[in-house]
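*Asks:* Following this message is one structure expressed as structure tokens.
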Amino acid sequence: MSRFWSPDDDASTFMAFSISNNGYLACGLETGKVKVVNIEDFSIIGEKKLFPEPVLACASFANTLAVSSVKSPLMLVSVRINEIVVEKEILFPQKTGGCSSLSFSNCGKELASGYWNGTVRINSVKTGAIRAVLDFHSEIINYLCWTKIDGQRLLFVCSKDTKLSIWNLYND
């Protein structure tokens, strides 16, 4: 092990994290707080309590961070020097349960969110508008990942139902 760091002096449970290509680490904590630190020296960039319940998932693209919890909404925040600013809230139906996974598209224009009821929702990052609802899986979505393979922009969806689905939402 080359380094060790603990995100909270109160020893809150570390629930989720995301690493930005801009050099920061975003940590979601059981307290509903998000703490963002510089990866090089772990200096604190900012911290903010976003939810009354635990953070379940984090995803980052450039200086934008998406964060989810047990209840609506998803939070889109900007990471700036010494602060975290909530830019947008994206509502989701309570029947979906909590949002367990988040992933930005490769270009950062869309956000995929996976839920406890097995659905996946695709939202525009700019407007928050819903672009698609994928209703294939029957159990919790454990992991989402956008990637580009042979010129196709694909979304991989992993579920507790033991299935992996692959979606080309762009007709590439």
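Laboratory data are not the source of any read-out in this text; all were calculated from the coordinates shown. Note that the coordinates shown come from a computational prediction; the quantities given were computed from them, not determined experimentally. All Cβ positions, even for glycine, are placed from backbone atoms using ideal geometry, and neighbour counts span all protein chains on display.
*Asks:* Might you report the magnitude of the Cβ-based charge dipole of the stretch 1-151 about its Cα centre, with Lys and Arg at +1 and Asp and Glu at -1, to the nearest 20 debye?
*Replies:* It works out to roughly 460 debye.
*Asks:* At 0.36 nm per residue, minus the direct Cα-Cα distance, what do L91 and F156 gain on full extension? Give it in nm, one decimal, please. Numbers along the way, then the final one.
*Replies:* On the way: separation 65, 0.36 × 65 = 23.40 nm, distance 2.27 nm.
Computed gain between L91 and F156 is 21.1 nm.
*Asks:* Lysine pairs, Cα distance under 22 Å, 8 or more residues apart or cross-chain: how many in the stretch 61-172?
*Replies:* 12
*Asks:* Points 7 angstrom from Cα along the Cβ direction at C107 and K48: gap in nanometres?
*Replies:* 2.7
*Asks:* Summing Lys, Arg as +1 and Asp, Glu as -1, what charge do residues with Cβ under 15 Å from the Cβ of N123 carry, N123 excluded?
*Replies:* Around N123, the surrounding residues sum to +2.
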